[in-house]
1. Which three extents, in whole angstrom, do the alpha-carbon atoms of segment 10-203 cover along their principal axes, largest first?
2. As a test of the formula, what do you get for the chain when each DSSP H run with n ≥ 4 contributes -39,500 (n - 2.57) and the sum is divided by the residue count, at 222 nm and rounded to the nearest 500 deg cm²/dmol?
3. Relative to the first principal axis of the alpha-carbon coordinates of the chain, what is the inclination of helix 10-24, with its axis defined by its Cα atoms, in degrees from 0 to 90 and to the nearest 10?
4. Based on Cβ point charges of +1 for Lys and Arg and -1 for Asp and Glu, what charge dipole magnitude is obtained for the chain about its Cα centre, in debye rounded to the nearest 20?
5. Once the Cα atoms of helix 190-203 and of the chain are each reduced to a long axis, what angle between those two axes, in degrees from 0 to 90 to the nearest 10, is obtained?
6. Name the residue farthest towards the positive end of the dipole of segment 10-203 from the options T83, L171, P149, assuming +1 on Cβ of Lys and Arg, -1 on Cβ of Asp and Glu, about the Cα centre.
7. So, by mean Cβ neighbours within 10 angstrom, what's the order for 18-31, 72-85 with the highest one leading?
8. How far, in nm, would the chain grow between D169 and A79 when pulled straight, counting 0.36 nm per residue and subtracting the alpha carbon separation?
Amino acid sequence: MSRYTYLRDPAAIYERSFALIEAEADLGRFPRDLRSLAARLAHAAGDTSILPDLVWSSDAIGAGKAALQAGAPILVDSAMVATGVTGGRTVLCTLGDPRTSELARRLETTRSAAAVELWRPHLAGAVVAIGNAPTALFHLLEIIADGAPKPALVLGFPVGFVGAAEAKDALVEFGDGVDFVTLRGRRGGSALAAAALNALAAAA
């Protein structure tokens, strides 16, 4: 026996969700190829107010789509991001690699940052999605600045009160031919990183 009146059909829920996003958000402020990604971020957050903080490089979507079409690896900083990626794509998360803890001790950093060290053989032309640790994004930028291969696209959505806003500002200011999409400020998270990846994959 039903006690509540609510929408139950999955397709109808999805359609209604995106209709509400389009009604609430000014998606027209985004380039046409970025609108789907922006809408998916709002959907994942349940909040269209995040969208004014969205920042991107001029060729971000084109670079990411081309990389995925070419079969580029997808590198993520947490299992939660990996779990959220749909479509059967292969995703690499090295946080649980047995070498990560020792690397973290040696580098005197977090496991998330140390896990980025293990990305080096896979970085060239990859799509990177960071949805948890600011230290992972900072360390990624450090190793690229020191000569590590450049990914095709960085989706930077670390979250938190310590370092998240600063890491994303560093990504925006990094330059050096690294394309990116990020959300300024403290907000972010694995759901947003996965949503961005899924939007990109759907367009590829």
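1. Rounded to whole Å, the extents work out to 51, 34, 31 Å.
2. Details: 9 runs with 94 residues, N = 204.
Result for the chain: -13500 deg cm²/dmol, rounded to the nearest 500.
3. Here the helix axis deviates by roughly 80 degrees.
4. Values: 19 positive and 21 negative charges, 108 e Å.
About 520 debye.
5. Orientation of helix 190-203: about 80 degrees from the principal axis.
6. T83
7. Working: 18-31: 13.8, 72-85: 22.2.
Output ranking for 18-31, 72-85: 72-85, 18-31.
8. This chain segment gains 30.0 nm when fully extended.
Computed from the coordinates by the stated procedures, all read-outs in this text should not be read as laboratory data. All values derive from a computational prediction rather than experimental measurement. Neighbour counts run over all protein chains shown; Cβ positions are idealised from the backbone, glycine included.
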